[in-house]
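The values are calculated or read from the model by the stated rules, or taken from the named source; none is laboratory data. Here the structure is a predicted model, which is why all the values come from computation and not from measurement. With ligands, DNA and RNA removed, areas are computed over all heavy atoms of the protein, side chains included. Shrake-Rupley method; radii C 1.70, N 1.55, O 1.52, S 1.80 Å.
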Amino acid sequence: MPDPKKYKDKQVFMEDCMHQVKTVEGEPQEKAVSKCLGMWGSKGDSKKKCASELIRKLSRKLLSI
């Protein structure tokens, strides 16, 4: 798993994390999003939004693809 403390950009971390969680661990998209957001949040990002709100937004966006 990528270490969120080594990333400055959330988007880059999420891309790397999602790829690894989905391919290595075989998690479905929604679980991968949740897991990666949780890891980023535990980093101490004071500007993060509510995780459930982000999951809902990402889920809606992913379902529309």
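Quick look at the numbers
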quantity	calculated
Members of the range 1-40 that are farther than 17 Å from Arg60 by Cα and of a type in the set (S, T, N, Q)	Gln11, Gln20, Thr23
Of all residues in the range 2-39 being open to solvent by 80 Å² or more (accessible area, probe 1.4 Å) and part of a loop (DSSP other than H, G, I, E, B), the one that is nearest to Ser64 (Cα to Cα)	Val24
Top-ranked residue in the range 40-63 [being at pLDDT below 80 and in a loop (DSSP other than H, G, I, E, B); ranked as most open to solvent (accessible area, probe 1.4 Å)]	Lys47
